[in-house]
1. Give me Ile428, Ile156, Ile141 ranked fewest to most by other Cβ atoms within 10 Å of their Cβ, as a rough exposure proxy.
2. Provide the packing ranking of 478-486, 176-184, 159-167, 334-342, i.e. peptides ordered by the mean count of other C-beta atoms within 10 Å per residue, highest first.
3. To the nearest 20 debye, what charge dipole does segment 85-191 have about its Cα centre, counting +1 at the Cβ of each Lys and Arg and -1 at the Cβ of each Asp and Glu?
4. Tell me, what is the percent relative contact order of segment 216-269, built from C-alpha pairs under 8 Å that lie six or more residues apart?
5. How far, in nm, would the chain grow between Ala183 and Tyr217 when pulled straight, counting 0.36 nm per residue and subtracting the alpha carbon separation?
6. So how strong a dipole does segment 251-396 carry about its Cα centre when Lys and Arg Cβ are +1 and Asp and Glu Cβ are -1, to the nearest 20 debye?
7. Can you give me the distance in nm between label points at Phe366 and Leu312, each placed 7 Å from the Cα along the Cα-to-Cβ direction?
8. With a Förster radius of 45 Å, plug the Cβ-Cβ distance of Leu375 and Phe486 into 1/(1 + (r/R0)^6) and report the FRET value to the nearest 0.05.
Amino acid sequence: MNNLLTFPHFRHRPIGEGLIARQRWQWAVLGIVLTGATMSALDISIVNIALPTIKDEFGVRLSLVEWVSIAYMIVLAISLPIVGRLADIYGRSLLYNIGFGIFVIGSALCGLAPNAVFLIVARAMQAIGAGLLQANSVALITQVFRTRELGRALGIQAATQATAMALGPFIGAVLVAWVGWRAIFYVNVPIGIVGGIAAHFVLPRYHARAGRARIDYPGIVLFTAALMGLALAVNHAEAHGWNSLTVLIELALGLVCLGAFVAAERRTKSPTIDLGLFRHYRLVAGNVTAFLAYYALFAVLFLLPFYFEQVLGYSTLLSGVLLMPVPASMAALAPFAGAACDRFGARNLTLAGSCMLAAGTFMLIFTSAVRHPALLVIAMAILGAGLGIFTPANNRATMAATPRDKLGVMGGLLNMMRSLGLIFGIDISGMLFIMLAQYQGGSVSSVHNASRALAFLSKPAFLAGLHGVMISLAAVALLAAVFCWFRRPEEASRPAPVHHEPIELM
């Protein structure tokens, strides 16, 4: 700890001694950041396995209980760039610590929930805390790591979060079976308390800019309304169809508010999201490709379990095992891909990763022929490896090109794109699946929700829908590869500098 506490004097100390102190300190920062970001990522997937149990205990409809998961994802996606901007103004470490507190309180309230509505509200609160943690994780790593080590650190972060999200259903199933569904929320409380205490002593002190910037309240309101309207429209369209009056109203609200948000941000001197950032191709490409990559990933992870169980007749356990190569290969390759990015640059790695993602989804187009578990495992491993190579390189290239006073909002945007990829990938792919199955003759004319439609589908109709979706996902991954191809060639040989600001320990 003495070495950590001496780091504020690094620039005044002999280079050898100061370098050791800094190296130990920055890896301690990474450990704290991983604790919060991983805890919040785990709660994206850990709850889904408990929804049937929660439904039975509260005696409510499944459509209401589904909002325990939906509310978390939508509020998380909306909050990420907003809290990232607030962190740039008031300090990333401060808001990261606040995130621990809100997440712990929200988790405790979820565990104490007396009814479903209370649980949904508590989940929304928990999502705000998760947004504070996730939005600042990439920014804090970028802030404290030197350029030559940044990719490695971001690779470790990507691997850890992917593993947490993948292990969520398994951990949730164990806790529900052995302890009860409330344990999946209570388990966050001691971890969050310990993490918050450690963060207070380890994270860097950031000199707030509150006196030089103001909060863009109109922008926050318009952005929230726009994203909520669009997310709800897509989610409800998957359940009720695009001709539903509710869906049309939500879509119109989202588009109108989005247009008003863009107009307002162009006029204000202190925007929530500085649209001028997107004059730079690297920042546009980084966010667009992140959305496309995770769109493809989560759509695959949503549909394949149904294929394994409904068509191939595999058990739930075997289906889970067949999906594990995705997070396993991603976790194995991400740290090495990040280190390679430090040495060789981001362009070639992001291009290779997105092409591997396209190759993995392309292999799954032939699912009716590829029935052997070993071949399915290979396809899953290629899919995960592509994400493992792509993610740290893309995050590093995007954050390295971001001005130092915008690291928080850009980190929030990158994480928001991942969340939107999950929401839109599942919902849009589900709708496409149903349309193609209906065209093949599946009797699902009155069912719009993909997971509910499975009971009505014949095997040919199911395979027609699945093959069509996989073709669309391969095209999405190839589109991401096109964006990566047009990154400037010099990025592959000369890593962009990371802008560090004066920092000191708490």
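None of the figures in this text is laboratory data; all of them are computed from the coordinates on show. Keep in mind that what you see is a predicted model, and the values were worked out from it rather than measured. Please note: Cβ atoms are built from the backbone with ideal geometry, for glycine as well, and neighbour counts cover all protein chains shown.
1. Ile428, Ile156, Ile141
2. So the order, starting with the most tightly packed, is 334-342, 159-167, 478-486, 176-184.
3. 160 debye
4. With pairs under 8 Å counted, the relative contact order is 48 percent.
5. The span from Ala183 to Tyr217 would gain 8.5 nm if fully extended.
6. 520 debye
7. The answer from the label model is 1.5 nm.
8. For Leu375 and Phe486, the calculated efficiency is 0.85.
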